[in-house]
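Participant: I am attaching a structure below and will ask some questions about it afterwards.
The values are calculated or read from the model by the stated rules, or taken from the named source; none is laboratory data. Note that the structure is predicted; figures quoted are calculated from it, not measured. Don't worry about glycine lacking a Cβ; one is built from the backbone with ideal geometry, like all the others, and counts go over all protein chains shown. Note: accessible area is taken over every heavy atom of the protein model, side chains too, but ligands, DNA and RNA are not part of it. Shrake-Rupley method; radii C 1.70, N 1.55, O 1.52, S 1.80 Å.
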Amino acid sequence: MSRISKLPLALSLMAGAAALAACSETMADGDMSSASTTSTSTQTTTPAPSPTPTPTPSTGTSADASAEVMVGGAPMVATQTIVANAAKANNLTTLVKAVQAAGLADTLSGAGPFTVFAPTDQAFGLLPAGTVDSLMAPAAKQQLTTVLTHHVVSGRLDAAAIQSQIEAGGGTAQLSTVSGQPLTATIVNGNVQLRSTGGSVGFVEQADVPASNGVVHIINGVLVPRLNQGAAAPAQ
């Protein structure tokens with residue numbers, strides 16, 4: 001993944017989405033009226049989009065191995081890719097559009113395996129007004145890529161594996177994401193809580209949604225990282 005853009009785009013995102021903080025170098029253009037900062041200025045963290053409720057634990061795994069796993073009213077087929085399955089779910093439409101806008105559809109359709117924490121449309125709706133539209137703009141591709149890859153972990157981590165890591169860590173696990181920044185996983189009221197480096201929080205609403213190239217966990221919050229750090233590219 002490319003490094004975060006240092007152009008006026010970062011300033012427009014800050015103006016349109018207070019929860020998404022970016023750090024830019026001092027601008028030379030005289031028409032930039034807002035205060036600009038250098039790359040060594042103080043970092044600003046992004047708060048959680050809103051208080052995120054703790055959901056009732058759910059899992060995509062059924063005692064009946066033949067039972068279909070449903071997400072957003074659509075069956076999730078274990079022989080189809082993460083992207084193909086997500087495209088059928090009526091509660092993941094914003095995520096799918098974002099993945100396409102960032103040019104990540106082919107990567108997340110590759111062999112992987114990947115673990116994806118997939119925010120619902122409702123989760124995206126908790127972000128400040130205008131944030132999603134700003135990130136979907138072509139000029140914001142680098143920022144959008146960083147946000148999305150902060151939801152992707154290389155390898156297949158099902159709910160049991162995540163819980164094992166949390167227990168092994170004495171109640172906390174650091175999950176290395178493709179963005180290069182970790183997610184902090186804990187258990188709250190029996191549910192997996194994920195916290196981003198920017199301070200955003202999301203809970204797993206539905207775990208272990210199968211795919212041919214990994215596993216998906218549906219979450220109720222968008223995990224916004226610190227946007228002044230670069231993102232690494234996912235393995236093809």
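Participant: Of the residues Asn191, Asn228, only one is at pLDDT below 95 and within 29 Å of Ala74 (Cα to Cα); which?
Facilitator: So the residue among Asn191, Asn228 that is at pLDDT below 95 and within 29 Å of Ala74 (Cα to Cα) is Asn191.
Participant: Hey, could you check segment 154-169 for residues that are assigned to a loop (DSSP other than H, G, I, E, B) and within 19 Å of the chain's Cα centre (by Cα) and say which is surrounded by the most Cβ atoms within 10 Å (Cβ to Cβ)?
Facilitator: Leu157
Participant: Considering only segment 180-224, give the strands (runs of 3 or more DSSP E) lying wholly within it that have at least 1 residues that are farther than 22 Å from Gly110 by Cα, of a type outside the set (D, E, K, R) and open to solvent by 10 Å² or more (accessible area, probe 1.4 Å).
Facilitator: Because the criterion is at least 1 residues that are farther than 22 Å from Gly110 by Cα, of a type outside the set (D, E, K, R) and open to solvent by 10 Å² or more (accessible area, probe 1.4 Å), the strands (runs of 3 or more DSSP E) in segment 180-224 that meet it are 182-188, 191-195, 201-211.
Participant: For segment 64-131, give me every one of the helices (runs of 4 or more DSSP H) that falls completely inside it and has 3 or more residues that are open to solvent by 30 Å² or more (accessible area, probe 1.4 Å).
Facilitator: Here the list reads 93-101, 121-125.
Participant: Can you run down the residue pairs with Cβ atoms below 6 Å, 6 or more apart or on separate chains, where the first is in segment 155-179 and of a type in the set (A, V, I, L, M, F, W, C) and the partner is open to solvent by 30 Å² or more (accessible area, probe 1.4 Å) and assigned to a helix (DSSP H, G or I)?
Facilitator: Cβ pairs passing all conditions: Ala173/Gln165.
Participant: Right, Pro119: in contact with a Leu (Cβ under 7 Å, 6 or more places away or on another chain) and modelled with pLDDT of 95 or more or not?
Facilitator: yes
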